[in-house]
Amino acid sequence: MSTAVATAEPVSALNPRRVAWVGVGLGFVAWFIALPPALVRTPVPSIVIAVLAIAAGAWAIAGDERRLGWGAIAAGIIGGAGAIASTQSGTGHLEDVVTWSALIAATLRYATPLTFGALAGIVSERSGVVNVGIEGMMLMGAFFGIFGADLFDSWFLGLLVAMVAGGLLALLHAFFSIHLRADQIVSGMALNFLALGVTGYVFLDHYGDQGTPDNISRVPDVSIPGVKNLSFFGDAIGKTNLLIWLSLLGVVGLAVFLFRTPRGLRLRSVGEHPRAAETVGISVIRTRYLAVMTSGMLAAMGGAYLSIGFVGSFNQGMTAGRGFIALAAVIFGKWRPAGALAAALLFGFSTALAQRLPAFSPSAAVLFQALPYVLTLIAVAGIIGRSRPPAAVGQPYVKE
């Protein structure tokens, strides 16, 4: 009996993708140690760490993980350059800009409307309907939230009015997109202009040039016992607006619903293979209607946060394109709630940072305002790359 000795090439325990992510993390660390509270005043450690990040990226590229590998190299270069610039800056300016508790709190504030908008986009597109009208639904929520709170002297009723307004606008989008099988992108854009017109007209007709009153009931902040005393995070999240917590709970709840419940599986099946879903008894039309209306209510909650949770007033067009950034967050997160939250936090952090950077150069304040959009483009196009949407998204369904 002959025996054959099988030889096999040694398999590396290092995964190129993991190495690339380690490189991205090292690029962050290279800059972090030059900032408060560490404040390492020599650039040598940061340069060493940045070189390791670049080496990790190069190794990942050699292992055919090109996109993330280049992301690690970029992170190493940016982290090293940022660390050098930080060590050359005065500690007073650094401490004014990089106050982590204030940055974290501001990040959550700026990320919350985007989180609600991204959850709205995920719910709608997982059912197969593109919802470009998130911007308009957020704007409806922003105005009718403060309008309802003023009318009923209750932030809770104002929030309900906002959700009803967003849901009705979404119902209109569903009617055109699902029932009439109109182009979903055209329908969504038309509703954005409709929302801009409706909110602008009612706002001027009801409040005139005086604007919304100052004493309108607002969504309260929630204090969690014990959290306030925690180091680093305590000052940031010890007392936080209720809608911020609801947005974070919404991420967890939607993730559980989509991937851990039968109803979530049905919703995803409608967005992937509607014909197959119909054959097993799932109503594609009803599921899509419910998903789009839920999407509108979630988007309206994001808009209501702006008016009765954050600012305490309403200005025409105050959503300022956040609905479209939320759609970018959906793509960034690959139609998953956790990924969309990460994108919203990235945009929120870059916005919070851009608000504080003029301490270094007041003349460049306008330039700093572009930072969130630049970072979002780099993250979506450079690191995340192409994402696969639900197979049937944007395709009208004709019942046989």
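Using the basic label-point model (7 angstrom from Cα toward the beta carbon), what is the residue 272 to residue 81 distance in nanometres?
Going by the 7 Å Cα→Cβ label model, 4.2 nm.
Please report, for the Cα atoms of the stretch 268-319, the Rg to one decimal and the Dmax as a whole number; what are they, in angstrom?
17.0, 49
Could you tell me what % of all Cα pairs in the stretch 161-290 have separations over 25 Å?
55
Using a Förster radius of 25 Å, what is the FRET efficiency between residue 156 and residue 214 based on their Cβ-Cβ separation? Nearest 0.05, please.
Efficiency for this residue pair is about 0.80.
Please list the three semi-axes, largest first and in whole Å, of the ellipsoid equivalent to the stretch 243-329, using sqrt of 5 times the eigenvalues of its alpha carbon gyration tensor.
Details: eigenvalues 194, 43, 21 Å².
Square roots of five times the eigenvalues give 31, 15, 10 Å.
As a test of the definition: which semi-axes, in Å, follow for the chain when you take the square root of five times each eigenvalue of its alpha carbon gyration tensor? Largest first, please.
Over the Cα atoms of the chain, the ellipsoid semi-axes are 38, 33, 18 Å.
Quick check on the stretch 79-147: what does the Kirkwood estimate of hydrodynamic radius come out to from the alpha carbon pairs, in Å?
15.4
Starting from the Cα gyration tensor of the stretch 45-196, multiply each eigenvalue by 5, take the square root, and state the resulting semi-axes largest first in whole Å. Working shown, then result.
Values: eigenvalues 380, 132, 23 Å².
Taking √(5λ) for each eigenvalue gives 44, 26, 11 Å, largest first.
Hey, can you rank 82-88, 169-175 by average C-beta count inside 10 Å, highest first?
169-175, 82-88
For the stretch 156-222, what is the convex hull (Cα atoms) projected area averaged across all directions, in square nanometres?
Seen from a random direction, the Cα hull of the stretch 156-222 projects 6.3 nm² on average.
Checking understanding here: applying a Kyte-Doolittle mean of at least -0.5 and a length along the axis of at least 18 Å (C-alpha), which whole DSSP H helices in the chain pass?
16-32, 44-62, 66-88, 100-126, 134-152, 155-174, 184-207, 242-260, 284-304, 337-356
Treating each Cα of the stretch 205-353 as an identical point scatterer and ignoring solvent, apply the Debye formula and state log10 I(q)/I(0) at q = 0.09, 0.19 Å⁻¹.
For the requested q values the scattering log ratios are -0.41, -1.28.
For the peptides 32-42, 148-158, 68-78, 285-295, what is the packing order when you average, over each peptide's residues, the other Cβ atoms within 10 Å and list the highest mean first?
68-78, 285-295, 148-158, 32-42
Among 329-339, 209-219, how do they line up from the highest to the lowest mean number of other beta-carbon atoms within 10 Å?
Ranking the peptides 329-339, 209-219 by packing returns 329-339, 209-219.
Bear in mind these aren't lab numbers, they're just calculated from the coordinates by the rules spelled out. All of these numbers come straight from a predicted model, not from anything done at the bench. Every residue, glycine among them, receives a Cβ derived from its backbone with ideal geometry; neighbour counts consider all protein chains shown.
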